[in-house]
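Structure, as structure tokens:
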Amino acid sequence: MLRMERREGLEQAGCAITVQDGRLVVPDHPIIPFIEGDGTGRDIWRASVRVFDAAVKRAYGGQRRIAWLEVYAGEKAFNTLKTWLPDETIQAFRIYVVGIKGPLTTPIGGGIRSLNVALRQLLDLYVCLRPVRYIRGVPSPVKRPEQVDTVIFRENTEDIYAGIEWEARSPEVDKVIRFLQDEMGVKKIRFPESSAIGIKPVSREGSERLIEAAIQYALRHKRRSVTLVHKGNIMKFTEGAFRDWGYALAAGKYRHETVSLRESWILENREKTPSLTVEENALAVDPGYKDMTPDRQTKVRQEVETALALWPTHGDGQWRRKLLIKDTIADITLQQTLTRADEFDVIATLNLNGDYLSDALAAQIGGIGIAPGGNINYQTGHAIFEATHGTAPKYADMDRVNPGSVILSGEMMLRHLGWNEAADLVIRGLEETIARRQVTYDFARLLRAEGATDVTELKCSEFASAVIENMG
């Protein structure tokens, strides 16, 4: 339990955020737990918290402020309390609903494999929200980084990252392999004597709540499309089911607000040629229609008829104003986010795909040093915003690294609280600072390599001061 005397003393300075009818009720002085982080986390937090406090003070004239509550995890927790993730820390995030954290190290030895994953699973923070947007002036390895403006919804609690696996040649893995071979008739394990085994759980409930959060976000922010990214061509019952459940959810609960890509083709065909028969429309949508089996042809015709039944709400161009639901294969997506990034607006995907995609996209807009992230349960309101990079211990306590990831994660947190005016100031200050080429060493090195001569290299703390000064 969170020690009572500590809680009572803190609540004299602030109040807990509560949730009513699924909405956050945020007091003027909310208590926000924070984890400083390991390695460079110390420098980054000291810089970032000054930015948050300055933005809140400037936006609300002192009427609002954050009561910060430090909680421990990682090296500081282990050195102080001999545990990597104290129960008191989990309790604080549960009680106070919204928090923020710096980078955490991976514990040595058994037990918890990843503190980040443990926090997400223990608090059921099922969405990893990763907005990836180019900021003018940031050095980029691609020609058109300004095309990148994508929000990734990565499922946070299932998939390979559930951590259900057994070491090769262990008694446990032998038992699993025997069960698969003897009870399930599995013959595809090529080297059973030396194989490790992992389990990939993907549930309908887990998939639907993630995809629904992505759809609701897209509708709320007037985004153009949601892309379901998957490897359903290979993993048909897990990743393929994720795709199918997503389409079914959109076509059911969000029927009037959405249109699938294939539905848009069918409706457009009807617009261009009103006399088109169902069979002709099917052939236009699927050029290989004539070579299909009769059963497959029937399914395509039924698909056309179902789409045409939407004519009263989606026809005559109405579908163009709907949220487009589409899907792509994960490996193709990694290519296309490089070659046509502007086609990806909101992405909903499973855990492993989302990990790859978010970091690959971040590379186009300055790297994970400036990439924010949030772990959110939209049903309970609980959220932890975080640095997306590692601890970089060789740079610890040197006041050198880029605090952009945590600063932008704090901006996400302020918006989650509904404090948009303060969030806008953070963005304004950061964008203006980078536009003036007042940057930390990582960006300074890249800008000079591009030929820039007007770069001012700042320390971590100096960068935060510049952001505050440039808020306007």
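Overview of values
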read-out	value
Boolean, K322 is buried (at least 20 other Cβ atoms within 10 Å of the Cβ), among the basic types (K, R) and either more than 30 Å from G367 (Cβ to Cβ) or modelled with pLDDT of 95 or more (or both)	yes
Residue within the range 110-120 that is in contact with an Asp or Glu (Cβ under 8 Å, 6 or more places away or on another chain) and either farther than 30 Å from V26 by Cα or in a helix (DSSP H, G or I) (or both) present	yes
Positions within the range 415-465 being part of a helix (DSSP H, G or I), surrounded by 20 or more Cβ atoms within 10 Å (Cβ to Cβ) and touching a Lys or Arg at 6+ places or on another chain (Cβ under 9 Å), in sequence order	A422, A423, L425, I434, F443, L447, C460, A464
Subset of the range 136-187 (residues that are among the acidic types (D, E) and within 19 Å of the chain's Cα centre (by Cα))	D149, E155, E158, D159
Count of residues meeting criterion [more than 17 Å from I427 (Cβ to Cβ) and out of contact with any His (no Cβ under 9 Å at 6 or more places or on another chain)] in the range 51-78	14
Hits in the range 175-207 (condition: part of a helix (DSSP H, G or I) and farther than 30 Å from P131 by Cα)	K175, V176, I177, R178, F179, L180, Q181, D182, P192, E193, S194
Among (1) more than 21 Å from L119 (Cβ to Cβ); (2) among the aliphatic types (A, V, I, L, M); (3) assigned by TED's automatic domain parsing to the domain that holds E431; (4) not in a loop (DSSP other than H, G, I, E, B), the one test that L408 misses	(1)
Leading residue by the ranking (surrounded by the fewest Cβ atoms within 10 Å (Cβ to Cβ)) among those in the range 202-220 that are more than 14 Å from T349 (Cα to Cα) and in contact (Cβ under 8 Å) with a residue 12 or more places away in the chain	Q216
Flag for R58 being under 24 Å from T380 (Cβ atoms), touching a residue at least 40 places away in the same chain (Cβ under 8 Å) and either part of a helix (DSSP H, G or I) or basic (K, R) (or both)	no
Conditions (1) surrounded by fewer than 17 Cβ atoms within 10 Å (Cβ to Cβ); (2) at pLDDT 95 or above: number failed by N79	(2)
Total residues in the range 324-335, condition more than 22 Å from K272 (Cβ to Cβ), assigned to a strand (DSSP E or B) and either in contact with a Lys or Arg (Cβ under 7 Å, 6 or more places away or on another chain) or free of Cβ contacts under 8 Å to residues at least 60 places away in the same chain (or both)	2
Any hit, the range 376-391, residues being in a helix (DSSP H, G or I) and within 17 Å of the chain's Cα centre (by Cα)	no
Residue match in the range 285-305 (condition: in contact with a helix residue (DSSP H, G or I) (Cβ under 9 Å, 6 or more places away or on another chain), touching a residue at least 40 places away in the same chain (Cβ under 8 Å) and under 23 Å from T328 (Cβ atoms))	yes
Those residues of the range 121-140 which are crowded, with 21+ Cβ neighbours inside 10 Å and hydroxyl-bearing (S, T, Y), in sequence order	Y126
Scan of the range 225-237 for residues that are touching a residue at least 40 places away in the same chain (Cβ under 8 Å) and surrounded by 15 or more Cβ atoms within 10 Å (Cβ to Cβ), ordered by number	S225, V226, T227, L228, V229, H230, K231, G232
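Conditions (1) in contact with a strand residue (DSSP E or B) (Cβ under 9 Å, 6 or more places away or on another chain); (2) part of a loop (DSSP other than H, G, I, E, B), marked per residue:
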{"residue": "V142", "(1), (2)": "no, yes"}
{"residue": "V151", "(1), (2)": "yes, no"}
{"residue": "A168", "(1), (2)": "yes, yes"}
{"residue": "R209", "(1), (2)": "yes, no"}
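Matching residues to (1) surrounded by 14 or more Cβ atoms within 10 Å (Cβ to Cβ); (2) among the basic types (K, R); (3) modelled with pLDDT under 95; (4) not assigned by TED's automatic domain parsing to the domain that holds D442:
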position	(1), (2), (3), (4)
M4	no, no, yes, no
L10	yes, no, yes, no
A16	yes, no, no, no
G39	yes, no, no, no
A47	yes, no, no, no
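Per-residue answers, yes or no, for (1) buried (at least 18 other Cβ atoms within 10 Å of the Cβ); (2) touching a Phe, Trp or Tyr at 6+ places or on another chain (Cβ under 8 Å); (3) outside the structural domain of V406 (by TED's automatic domain parsing); (4) within 21 Å of V229 (Cβ to Cβ):
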residue	(1), (2), (3), (4)
Y356	no, no, yes, yes
A360	no, no, yes, yes
I365	yes, yes, yes, yes
N375	yes, yes, no, yes
Q379	no, no, no, no
I384	yes, yes, no, no
A387	yes, no, no, no
T391	yes, no, no, no
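The values are calculated or read from the model by the stated rules, or taken from the named source; none is laboratory data. Keep in mind it's a predicted model, so treat the numbers as computed, not measured. All Cβ positions, even for glycine, are placed from backbone atoms using ideal geometry, and neighbour counts span all protein chains on display.
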